[in-house]
Every structure is written in structure tokens, then in C-alpha cells.
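Worksheet for the structure shown next.
The values are calculated or read from the model by the stated rules, or taken from the named source; none is laboratory data. Computed from a predicted model, the values in this text were never measured in an experiment. Methodologically, a virtual Cβ is constructed for each residue, glycine included, from the backbone with ideal geometry; neighbour enumeration extends over all protein chains shown.
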Amino acid sequence: MTHIFGRGLVAALAIGLGCGGVFALFYGANGLVERFAPGNSKNRLLPWVYLTPALLLLAVYLVLPTLVTIYISCFDARSQAFVGLTNYLTVFTDKTMGEAFRNNLLWLVGVTGGSVSLGLLIAVLADRVRYEPVPKTLIFLPMAISFVGASVIWKFIYAFRPAGTAQIGLLNAVVTSLGFEPVGWLVERSINNLALIAIMIWLQTGFCMVLLSAAVKGIPQEIIEAARLDGASEGQIFWRITLPLIRSTILVVSTTTILLVLKVFDIVYVMTAGNQGTEVLASRMFKEMFSFRHYGRGSAIAVLLLLAVIPIMVLNIREFRRPTPLR
Amino acid sequence: MPNFLATRLTTWVSQTPIHLALVVLSTLWTLPSLGLLISSIRPPEEVLTTGWWTVFQHPFDFTQYSLENYRTVLSAEGLGQALLNSLTIAIPATVIPIAIAAFAAYALAWMEFPGRQWLFLAIVALLVVPLQMTFIPLLRAYGHLGLTGTFAGLWLAHTGYGLPLGIYLLRNYIGSLPRDLIEAAAVDGATPWQIFTRLIVPLSMPAIASFAVFQFLWVWNDLLVALVYLGGTPTVAPLTITLTNLVGSRGQDWHLLTAGAFITMTLPLLVFLALQRYFVRGLLAGSIKG
């Protein structure tokens, strides 16, 4: 019992130190400048007192490492000999990397298509019923669950027992009760990627639904009423009015999902560790770093990720910034 | 009156497909978590031989439930220590970036200095950097500095990674506060420190809350950053790493895995349900994370 108490105390102490430290830092620096800086230099110094911690951390954790990674992607495994673009060449010709590229593409199409269309469907349907918050909360809830937690949940759904024994996985129980043979969802190469993608759709649909629902509610009711009076069917209203008017939100939601999926790692790492043909770019990079200790190739994959992210991010920010009359 | 009833009836009937679709989708989305929760409170021998849905044959037979699995994972499988570690990681890794981002956002929004707009744009541009770009150089630096496997090293990493989003969200909110209010305080002789602590921070609580929810959920649920900077040290491993290891070592012991997974989910779900309003507001204000 004292053991647990002791460990809790250590944790509380560490938390207090970490949180208190940052406030002490600002308080101290501000006090020093206020007290010792001569009159008119004070106002020129203070902004930098408030900014320096942020700038320092951004430089150390994002700017410098990015430059270094680009640099060492042109070096060998131990970053000693310059090898030019060899790492990129290897990355593009390697068989497993080819598989990773294909899978990442499948993830992009599957997750983005799946979660955006399901999110839109739920947003539009829930908008028409009085108990709207209930389905929306239930579908939004998985957003709080970690990829690791979600992986365990779904691994249990996909659990496989040989034919003839009682199935404890929900999916195989359904399959066998319909009279089919149980399926090894995570081992069969034709379906295991789709099984992983389903997890991400389950997690991401809530996000799409919330943003799309806000956009749908932003459409002025008069437009819809006018169309209805003119005899437009519900289908026509959806395709000809709702969809074009929320185009911008659909784009933002899709690009945000793409950015997330490009870097997907946890689900693959926990479920299959990238075996049985399920490798993706981020899990491959992790292997290059920690299993093969090849920093050159690992960095090359990271640079490719950055290159893939930039255009999508630019699109996202530009669309997000555009003032839309409906928001 | 009967006419009115008839209209209501027809709308209700025409609405049936909508109700049906919503019920089906909600059920599909809830079943996975429900199965996890039920399995985690069933005795091991039951979990491993029959499906969790069999409890519905006698749902009120409470002898078929027990909390034994939770006791086992928390003590024998080390999830208790991991829970403490997760708290030790996630609380400072949420508070530190909030403080640093708030001060920076205040300076960027309300203090005069050359290059202010450019600096803000440069910080927003950092949102594009995938974390993967930073791992190898930082890991090497950490090795030299002895920061690998320390809480402080992980706090700083999460702070650095969270700052672009934090500064972006907070600067936009703080910048939209009424100018008169801040100028009046300055005329009354308030120092920048007083303006920040007594005016800006209390007024910006909604934005701070939404960034806090984001950052906390992100850090608590993170596996990759913890794996990279903590390595395999079990004494500092958070829940996500410990649970991942459990999947590796006890892959078929579903009674333990389900209880473990539920432990990792409780706190984020509570935070999420309590602060959902702020989370959604943050989402609508632009959730883009690198």
C-alpha cells in the first residue's frame, strides 16, 4: 500500500514540477525585464520575453530536425558517407515499399471516401429527427478512443477460431451462423487491409459528421423551402442544393482526413506490425529506424511524407481561409 | 383534428427509413465498444469459450460479472503503474504548451514589434511538418543529452509538436478580443503582465479549453512519440505502450486485453464527454495537426 502511495507521490511531484516550472519561467523572466530593463527598452524587450520559449521549442523540435532529416536522407545507414539520391532510389524500387505505397493509397481512398460519405449521410439524416444528439454522440464518441484502444476493440471483433469451435469474435460468429467458414480477417491478404481501414473509418466518421453537420445547418432554410415549393424532390434538394453549398466543408474534411491517413501508424503497428502485406509508409519508416537502423532510408521516407503533405495542407488552409457566405 | 393526426402519421411513416438507418448506424458504431466493456467484466473462462453476446440470455444474472480482470491487469500486468505514467506525461504535456502558446499568442496579437505577421505565418506553416521528419535527429540529440526515457524529454517533445496548433488557435481567438478593452487597461497603467493574466487569460478560457482538450487527448492517446522517445523502458511507459506490449505477450487473453483497453479509454472518454462543447468549437475553428 505504501508502495502505491509512494509512486503516486512521485508522479504528483513530477506533474507539479513540470507545470510549475513553466509558470516560474515566465514569471521570473517578466520580473527581471520589468525591474532591470531601462524605461523605453522594456516595451521592446517584453514581446521577446513572451515569445522566446515558443520560438526556441519550435526551432529545436520542428525547424532544425526537418532540415537535418532532409540532409541525412542523402547519407548511408550511419550518416557517414554521402550517397546522393540512392536512398530515394531504393525506397522507390524496394518491393515492400511498393506494397506500402499501394496500401497507403488504398487507405487514402478507403478511409476518406468511407468516413466522409458516412459522416455526410449521418449528418443529413440526423438533421431530420428530434433525437438528433443521440446518434451523433454515439458516432462521435470513438474520437476520444486511442488508436491502440480501437485496435484492441477490433482485434476482438476479428478474433478467429478454427471451424467447429465456438467463435468469440463477433464478425466470425455472424459469418459462421450464416453457414460459412470462419475467416482469418487479419491474415487473409485479400481482406486484411480492408479490415484495418474499417477501424479508421469507425474512428474518423464522427469528425467528418460534426463538421459536415455544422455546414448543413448553416444552409439558410429559405433556400430549401423555396426549392420544395417549386416541387424539387428530397433527392434533388440534396444533390443540387445541399451538396454544392457545403462543397468547401467537404474539401476541408477530406483534406484533414487525408493528412491523418497519410501518417497512419498505430493501427498497423498494433494489429499486424506491417506483416502479411499490410505495410504502410509510417510503419515502414519505424522499421527502418529501429529494426534496420538505416537512418538514411528512414529519413528518405519521412521526406516523402513531407512532400505528400505540403500540397494537401496548402489546399486545406486556403479553403479554410476562404470566406464563405454561409459561415 | 383527425386530419392533423393523419398528417403526423404519414410524416412518421415516410420518416421510417431515416429512423431505421440511424438506428442501424448507431448500433454498428456502439457494438464494438459494448462488446469490449461486457467482455472485460466476464470471468476469463467464459470470455475464452463463449461470445460476449451470450450474457444477454440472462442479462440480470449478476454472478456472471466480476471485476477480477481489472485487478489482474492493474497489478500483475503493470497497467496501474502505466496509468500513473500516462498522467505524469499527459498533464504537464498539456499545461506547458498551453502556457507557452498563450504567452506567444498574446505577444503576436497585441504587442508591437517588427516582423510580427511574418512570424505568425511561419509558425502556422510549421503545421505541415509530419512528426516523422523530426524523429531521427531528435532521437540522436536525446541520446547525447541523456533525455531518452525521461518524462521531461517527452513533455518537451509534445510541447514542441503541439505549439503550432496551439499558437494558431489562441492567436486567432486572442486577436479577436475587443481592442478598446485592452487599450483602456493599458491607459490605466496596467503592465503587459497584468493585462495578460487579468484580462487576456480569463477572456480566452473557451479557446484555451478547446486547445487543452485537443492536446490532452492527443498526448494521452499517443503511441508513436512515446515509443520513439521512451524506447522500451517499462518504468516510464504510458498506457498505450503497455497495452501494445500486452497485445504482443497475451494476444489471446481477451479477458485481460479488454479490461486493459477499457482502462486506457475511461479518462479520455470522461474528458471528452465533459468538454465536448469546447472540443467541437475547436474542431470548427480549424483542426489541422501535423
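Do we have any residue at all in segment B:158-173 that's under 30 Å from A:HIS294 (Cβ atoms) and not in a helix (DSSP H, G or I)? No: zero hits.
Return the residues of segment A:247-259 that are free of Cβ contacts under 8 Å to residues at least 40 places away in the same chain and more than 18 Å from the chain's Cα centre (by Cα); say none if nothing qualifies. Once the filter is applied, which keeps residues that are free of Cβ contacts under 8 Å to residues at least 40 places away in the same chain and more than 18 Å from the chain's Cα centre (by Cα), segment A:247-259 yields only A:ARG247. Taken together, B:THR258, B:THR233, B:THR197, B:THR242 contain a single residue that is surrounded by fewer than 20 Cβ atoms within 10 Å (Cβ to Cβ) and modelled with pLDDT of 90 or more, which is B:THR197.
Once segment A:160-179 is narrowed to residues that are more than 7 Å from chain B (Cβ to nearest Cβ) and small (Gly, Ala, Ser), the residue that is surrounded by the most Cβ atoms within 10 Å (Cβ to Cβ) is A:GLY169.
For segment A:258-279, the condition holds for no residue, the condition being that it is of a type in the set (Gly, Ala, Ser), part of a helix (DSSP H, G or I) and surrounded by fewer than 23 Cβ atoms within 10 Å (Cβ to Cβ).
Would you confirm whether or not segment B:253-260 contains a residue that is part of a helix (DSSP H, G or I), of a type in the set (Val, Ile, Thr) and in contact (Cβ under 8 Å) with a residue 12 or more places away in the chain? Yes, segment B:253-260 has at least one match.
Of the residues making up segment A:268-322, those that are without any contact (Cβ under 8 Å) to a residue 24 or more places away in the chain, hydrophobic (A, V, I, L, M, F, W, C) and at negative phi are A:ALA282, A:MET285, A:PHE286, A:MET289, A:PHE290, A:LEU307, A:ILE310, A:VAL314, A:ILE317. Considering segment A:160-177, and only residues there that are in a helix (DSSP H, G or I) and of a type in the set (A, V, I, L, M), the residue that is nearest to B:TRP52 (Cα to Cα) turns out to be A:LEU170. In segment A:51-60, of all residues being at pLDDT 95 or above and more than 8 Å from chain B (Cβ to nearest Cβ), the one that is farthest from the chain's Cα centre (by Cα) corresponds to A:LEU56. Taking residues in segment B:2-22 that are of a type in the set (Val, Ile, Thr), and partners anywhere that are not in a helix (DSSP H, G or I), the pairs with Cβ atoms closer than 7 Å and at least 6 places apart or on different chains are B:ILE18/A:ARG128; B:ILE18/A:VAL129. Residues in segment A:137-155: is at least one touching a Leu at 6+ places or on another chain (Cβ under 6 Å), within 22 Å of B:HIS19 (Cα to Cα) and either within 10 Å of chain B (Cβ to nearest Cβ) or of a type in the set (Asp, Glu) (or both)? Yes, segment A:137-155 contains a residue that is touching a Leu at 6+ places or on another chain (Cβ under 6 Å), within 22 Å of B:HIS19 (Cα to Cα) and either within 10 Å of chain B (Cβ to nearest Cβ) or of a type in the set (Asp, Glu) (or both). Selection within segment A:22-50: residues that are within 40 Å of the chain's Cα centre (by Cα) and more than 8 Å from chain B (Cβ to nearest Cβ). The member of this set that is surrounded by the most Cβ atoms within 10 Å (Cβ to Cβ) is A:VAL49. Selection over segment B:51-64 of residues that are assigned to a loop (DSSP other than H, G, I, E, B) and either surrounded by fewer than 12 Cβ atoms within 10 Å (Cβ to Cβ) or in the same structural domain as B:THR264 (by TED's automatic domain parsing) (or both) gives a count of 4.
Being surrounded by fewer than 23 Cβ atoms within 10 Å (Cβ to Cβ), touching a residue at least 24 places away in the same chain (Cβ under 8 Å) and either more than 7 Å from chain A (Cβ to nearest Cβ) or over 17 Å from A:LEU58 (Cα atoms) (or both) narrows it down to one of B:GLY162, B:GLY149, so name that one. Residue meeting the stated conditions: B:GLY149.
The rows are residues; the columns are (1) assigned by TED's automatic domain parsing to the domain that holds B:ALA105; (2) over 23 Å from the mean Cα position of the chain (by Cα); (3) of a type in the set (Lys, Arg).
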{"position": "B:ILE167", "(1), (2), (3)": "yes, no, no"}
{"position": "B:ARG171", "(1), (2), (3)": "yes, no, yes"}
{"position": "B:ALA185", "(1), (2), (3)": "yes, yes, no"}
{"position": "B:THR197", "(1), (2), (3)": "yes, yes, no"}
{"position": "B:VAL201", "(1), (2), (3)": "yes, no, no"}
{"position": "B:VAL219", "(1), (2), (3)": "yes, no, no"}
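Residues in segment B:195-241 that are at positive phi and either part of a helix (DSSP H, G or I) or in contact with a helix residue (DSSP H, G or I) (Cβ under 7 Å, 6 or more places away or on another chain) (or both): there are none. So if I check each of A:ILE241, A:ILE237, A:ILE317, which one is facing chain B (nearest Cβ under 8 Å), over 15 Å from A:LEU108 (Cβ atoms), surrounded by fewer than 20 Cβ atoms within 10 Å (Cβ to Cβ) and among the hydrophobic types (A, V, I, L, M, F, W, C)? Unique residue meeting the criteria: A:ILE317. Being farther than 19 Å from B:LEU108 by Cβ, of a type outside the set (Gly, Ala, Ser) and assigned to a helix (DSSP H, G or I) is the filter here; which residues of segment B:179-193 pass it? Of everything in segment B:179-193, those that are farther than 19 Å from B:LEU108 by Cβ, of a type outside the set (Gly, Ala, Ser) and assigned to a helix (DSSP H, G or I) turn out to be B:ASP180, B:VAL187. For segment B:75-89, the condition holds for at least one residue, the condition being that it is of a type outside the set (Gly, Ala, Ser), touching an Asp or Glu at 6+ places or on another chain (Cβ under 9 Å) and part of a helix (DSSP H, G or I).
So, B:LEU138, is that one free of Cβ contacts under 8 Å to residues at least 60 places away in the same chain, in the same structural domain as B:VAL271 (by TED's automatic domain parsing) and either assigned to a helix (DSSP H, G or I) or not basic (Lys, Arg) (or both) or not? Spelling it out, it is not the case that B:LEU138 is free of Cβ contacts under 8 Å to residues at least 60 places away in the same chain, in the same structural domain as B:VAL271 (by TED's automatic domain parsing) and either assigned to a helix (DSSP H, G or I) or not basic (Lys, Arg) (or both). Can you confirm whether A:PRO220 is farther than 17 Å from A:MET143 by Cβ, in contact (Cβ under 8 Å) with a residue 12 or more places away in the chain and either among the acidic types (Asp, Glu) or in contact with a Lys or Arg (Cβ under 8 Å, 6 or more places away or on another chain) (or both)? No: the conditions fail for A:PRO220. For B:SER26, the criteria (1) within 11 Å of chain A (Cβ to nearest Cβ); (2) in contact with a His (Cβ under 7 Å, 6 or more places away or on another chain) hold in every case but one, which is (2). Checking each residue in segment A:112-133 for being assigned to a helix (DSSP H, G or I), within 7 Å of chain B (Cβ to nearest Cβ) and surrounded by fewer than 23 Cβ atoms within 10 Å (Cβ to Cβ) picks out only A:LEU125.
Of the residues examined, A:LEU64 is one that is surrounded by fewer than 17 Cβ atoms within 10 Å (Cβ to Cβ) and modelled with pLDDT of 95 or more.
Close contacts from segment A:34-51, counting a first residue that is within 18 Å of B:ILE195 (Cβ to Cβ) and a second that is β-branched (Val, Ile, Thr) and assigned to a helix (DSSP H, G or I), with Cβ to Cβ under 8 Å and a gap of 6+ residues or different chains, come to A:LYS42/A:VAL33; A:LEU45/A:VAL33; A:LEU46/A:VAL33; A:VAL49/A:VAL33. Checked against (1) part of a helix (DSSP H, G or I); (2) closer than 29 Å to B:ALA152 by Cα, A:ARG78 passes all but a single condition, namely (1).
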